[in-house]
2 protein chains.
Amino acid sequence: MNVHMPEGADRSVPTEAAGRGRAPSIRDVARVAGVSHQTVSRVLNEHPSLRDSTKQRVLEVMEELQYRPNRAARALVTARSRTIGVLTTRSDQYGPASSIRAIEEAAREAEYLVLTSSVTSTGRDALREALAHLVEQSVEGLVIIAPQQRVVEAISELSVDIPYVTMQSTGLLDDTVPSVDQIGGARLATRHLIELGHRDIYHLAGPQDWIEAEARMRGFLDEMGAQEVPTTAPILGDWSAEFGYYAGREMLRIRDFTAIFSSNDQMALGLIHAIHEAGLSVPGDVSVVGFDDIPEAAHFWPPLTTVRQDFAELGRRCIARLLEGLTGDSERYSGIIAPELVVRKSTAPPRR
Amino acid sequence: MNVHMPEGADRSVPTEAAGRGRAPSIRDVARVAGVSHQTVSRVLNEHPSLRDSTKQRVLEVMEELQYRPNRAARALVTARSRTIGVLTTRSDQYGPASSIRAIEEAAREAEYLVLTSSVTSTGRDALREALAHLVEQSVEGLVIIAPQQRVVEAISELSVDIPYVTMQSTGLLDDTVPSVDQIGGARLATRHLIELGHRDIYHLAGPQDWIEAEARMRGFLDEMGAQEVPTTAPILGDWSAEFGYYAGREMLRIRDFTAIFSSNDQMALGLIHAIHEAGLSVPGDVSVVGFDDIPEAAHFWPPLTTVRQDFAELGRRCIARLLEGLTGDSERYSGIIAPELVVRKSTAPPRR
DNA sequence: CTCGGGCATGTGCACGTTCACATGCCGCGT
DNA sequence: ACGCGGCATGTGAACGTGCACATGCCCGAG
């Protein structure tokens, strides 16, 4: 880490008129260019009726004075902040992080800023506070990446009065809105195991409260039902490799299964760890399927069969959808994003 | 994903005076409370000379009208945005993401906002643009998490005239500033391998341009030198598991080493993948040490010996340092953050 | 020639807040 | 009794920008 502080005190701008320490305003530019402040404003806003010569002159003066539009002033008068807020939990996870990044890029393209507020606890108060924090910054819209049922409830209770998008991608809500088909993805994974010949399949699910966890679980159960394979109750985890490991150890004490479908890649990793530690092999003794396809999944040992979902695309569409509402256009974005089964080496027919 | 748009058109606020669609201002509050707008302003700024009864009344009216201070107006007149910008590359990686999160929390605590701008390319133009973007939002300070030499150069060339902190943690710059001792961490890892009895040790480094990669490489070379172990030239990677995998395959064609120190955990994972694929064992045939201690590292197979660095702490200190400069206090934060060697199962004495 | 209309530009105000200064009041020292 | 200082509050201006409206000009139709 390294720090840089500008001199500040003796800025010693020599002949420049502005002087007062404040940055040049459109009025300064106007004076130097010999036009009115409004003309400068028009240049900024690309007003159609402007003589080219005038426009050029103003632009030159702007460059010369190093003029930068004052966002606060603009926001004040237009009552638009051109800022959207992102509320997120677990922003250090691969999925959310990718989405946030995509959101940020998409927003920047539309000349919006992104204000992130990540919250550690999912308690109602923490949420309320984070939300209030964002709203008070007068964001124009909100993206909520906190895919837990209780968060969604808390949000609707708090009656946010600005447009918001929640990134709960079950794939079963109305399809006028983009989302990743979690249920379909889970069915893909489950079907893959069944088609390999597995009948004793466990599901290591995500936390009870999480919408995506629920959707994947549902996909699992649906597919098992559709194929008439008897099912055992899913185990509820917390997404962490740590949990996957301990769950795996526990499960192996009984070992009445030949395959596990884990609700995300991290837990699958922990699972594989536990299986190896017990002296068993993947996929020889147990097949494992994950979900997400994090970049590392291809290099797990064995490389993980998993379901890929495009977080970045989801983030982009979220912003598109939100901005479209903001700007008044109502062209519908639609279509669910189809996840994709990536078959690697962690699955094989059951031994017999 | 799910979208919510407020009615907007027929908001139908019943008797409220404000009406006009605009949010209530301090003048509205003042009118209702029967005081001047300045008194309301004083309540907001916790001015000392205010009668308790007055203050109370104003606060009640604020609550009643759902008054929210207008950030833009305040920023306009004070010329302070209470916003800091974060410029980052690869924000989807564990390290940067953790730091960003910590930065965001620390900033929020100090009632600052965080504006993130992540940049994919490290080309000078992309950097200039991202930087300009942030500066134009009139951020008061900048944290730059883009630990590449060329970024640092580009930044200093662009002559940013606001305070900024670059998160380049070599551990050798002046110690009045917090940073993680990368060199020390790398020496720890290297010494561990040497003490186990390894003599033929390779180093899979990060990209040439990255300051941290350079520091770790230097730590490796320093320690090897100090212990008088002959060294081969490090291999330059790109931090990805993918690269680690291909590098590993290449290296195994010669196989004149018994241990590898990888500059991060992801590459170590790829390395292990390649080693396993070649039918060799870790740590039996090759010992591997990583760097970072990402949460998954404990569940790699075998669990990875690595060097833990506290990204969150680094982020916090960064903000502390920046804000301290901003607010004028100049109490020095100091002390480098010591990384810690975490010995797991991927290292053992060389076979013989 | 006159008048209307569009183009290029200017004028003044509004946005919501803080700052500098002004005001009235009360109590205390002389 | 008078004045002075500090407290509680009020008044007006400023911050930088965009909007509504006004202005002057030129060109073409009648």
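The values are calculated or read from the model by the stated rules, or taken from the named source; none is laboratory data. This one's a predicted model, so the numbers in the text were calculated from it and none came from an experiment. Here Cβ is always computed from backbone atoms with ideal geometry, including for glycine, and neighbour counts include all displayed protein chains.
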Extreme residue, farthest from the chain's Cα centre (by Cα), among residues of the range A:38-67 that are closer than 14 Å to A:Ile26 by Cα and away from DNA strand D (no atom under 13 Å from the Cβ): A:Arg57
In the range B:66-88, the residues that are β-branched (Val, Ile, Thr) and surrounded by 21 or more Cβ atoms within 10 Å (Cβ to Cβ): B:Thr83, B:Ile84, B:Val86, B:Thr88
Which numbered condition B:Ser91 misses (of (1) in contact with a strand residue (DSSP E or B) (Cβ under 7 Å, 6 or more places away or on another chain); (2) at pLDDT 90 or above): (2)
message: For the range A:266-304: of the residues being among the charged types (D, E, K, R) and at the interface with chain B (Cβ under 9 Å from one of its Cβ atoms), which is surrounded by the fewest Cβ atoms within 10 Å (Cβ to Cβ)?
response: A:Glu277
task: Filter the range B:233-268 for residues that are among the acidic types (Asp, Glu) and either closer than 20 Å to B:Trp210 by Cα or free of Cβ contacts under 8 Å to residues at least 24 places away in the same chain (or both) and give the result.
output: B:Asp238, B:Glu242, B:Glu250, B:Asp265
- prompt: Is the range B:206-216 home to any residue that is at pLDDT 95 or above and closer than 22 Å to A:Pro295 by Cα?
  reply: no
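Considering B:Arg42, B:Arg80, which residue is within 14 Å of DNA strand C (Cβ to nearest atom), charged (D, E, K, R) and in contact (Cβ under 8 Å) with a residue 60 or more places away in the chain?
Just a single option satisfies the conditions, and that option is B:Arg80.
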message: I'd like to know if the range B:215-231 contains one or more residues that are buried (at least 24 other Cβ atoms within 10 Å of the Cβ) and more than 30 Å from B:Gly315 (Cβ to Cβ).
response: no
